[in-house]
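All remarks here apply to the structure that follows.
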Amino acid sequence: MILLRSLLFQIFLIASSLYYSSVILILDLILRNPPTDRLGNAWGYANLWALRTFCRLDYRVKGFENLPQESVVVLAKHQSAWETIALRAFLPCNQTWVLKQELTQIPLFGWALKRFQSIAIRRSDGRRAMSKLIREGQVAAKKGRWIIVFPEGTRVAPGTQQRYEIGGALLAERCDKAVIPIAHNAGEFWGRRSILKYPGTIDVVIGPLMQTDGKKATEINAEVEHWIESTVASLPDRFGQLKTAV
């Protein structure tokens, strides 16, 4: 039954991605100010609804009150594909994501991603990728866009950790932008390389606003990493069991 429900959601995800991508691309051609960002949020909410309906997978968020009025750099835990849907839905809609360049080459979906002023990089480019991140990130920040970064760079299974890359913290330092860290346990319900989505409730914690004034990128990165990893460690697994006490 879990496999069937997961497959039904996968069909919905593909269909909704094709639909919203097509609408975004068409409206971008005919309108001076297309509602691209709002459509992105609608896509996110549609798929969260589908997860709840087909897979009985819901979520709860703690810390909405920590989101400021002004734009910030968001540094989030990356365990699953779930957060790429959820953050698109419930964060302010004017978002610029740092993502893998290969994603922008997917027909329709990738072309639509470009309309969100995404920062597409190849990690293998090293310093050139970092320069592009800072350059394009500063442009996005001046436009008042929220910049979303997964500092681990790839999805990491629950209970494991990957080194936090400095790019997001360096961007926050250069743009003089505050940081919002986000922790969650989505990987407990939707594995990083699995089609299965297990029923339950994902816990998301939006952390306190971290000011970056006078801080170096290394200090910002270490502070974010400590908060995210300690918070993730305090969240339950999909059976409701607490893993560790912080």
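What to note about this one:
Each row is one residue, and each column tells you yes or no for (1) hydrophobic (A, V, I, L, M, F, W, C); (2) part of a loop (DSSP other than H, G, I, E, B); (3) more than 19 Å from Q69 (Cα to Cα).
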| residue | (1), (2), (3) |
| --- | --- |
| R135 | no, no, yes |
| A157 | yes, yes, yes |
| T160 | no, yes, yes |
| Y164 | no, yes, yes |
| E219 | no, no, yes |
| A222 | yes, no, yes |
| S230 | no, no, yes |
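- Residues of the range 95-116 satisfying the condition of being of a type outside the set (S, T, Y), within 22 Å of K77 (Cα to Cα) and without any contact (Cβ under 8 Å) to a residue 60 or more places away in the chain: Q95, W97, L99, K100, Q101, E102, L103, L113
- The set of residues from the range 175-210 being under 25 Å from S71 (Cα atoms) and either at pLDDT below 95 or among the hydroxyl-bearing types (S, T, Y) (or both) comprises C175, D176.
- Considered as a group, the residues in the range 193-242 that are surrounded by 15 or more Cβ atoms within 10 Å (Cβ to Cβ) and touching a Ser or Thr at 6+ places or on another chain (Cβ under 6 Å) include one that is farthest from F150 (Cα to Cα), and that residue is K197.
- Close pairs (8 angstrom Cβ cut-off, 6 or more residues apart or separate chains): on the phi > 0 side of the Ramachandran plot in the range 140-165, exposed (fewer than 13 other Cβ atoms within 10 Å of the Cβ) anywhere: G144/E70
- Matching residues in the range 62-98 - criterion: being under 19 Å from I134 (Cβ atoms) and open to solvent by 20 Å² or more (accessible area, probe 1.4 Å): W97, V98
- Given (1) in a loop (DSSP other than H, G, I, E, B); (2) within 29 Å of V232 (Cα to Cα), index of the condition Q117 fails: (2)
- Of all the residues in the range 15-48, those that are touching a helix residue (DSSP H, G or I) at 6+ places or on another chain (Cβ under 9 Å) and either free of Cβ contacts under 8 Å to residues at least 24 places away in the same chain or open to solvent by 100 Å² or more (accessible area, probe 1.4 Å) (or both) number 7.
- For the range 137-155, a residue qualifies if it is closer than 17 Å to L75 by Cα, assigned to a loop (DSSP other than H, G, I, E, B) and either aromatic (F, W, Y) or open to solvent by 40 Å² or more (accessible area, probe 1.4 Å) (or both), and the qualifying residues are F150, T154, R155.
- Considering the range 109-136, and only residues there that are open to solvent by less than 20 Å² (accessible area, probe 1.4 Å) and among the small types (G, A, S), the residue that is farthest from R193 (Cα to Cα) turns out to be A129.
The values are calculated or read from the model by the stated rules, or taken from the named source; none is laboratory data. All values reported here derive from a predicted model rather than from experimental measurement. Positions of Cβ are generated from backbone atoms using ideal geometry, with glycine treated the same way; all protein chains shown enter the neighbour counts. Please note that ligands, DNA and RNA were not included when accessible areas were found on the heavy atoms of the full protein model with its side chains. Shrake-Rupley method; radii C 1.70, N 1.55, O 1.52, S 1.80 Å.
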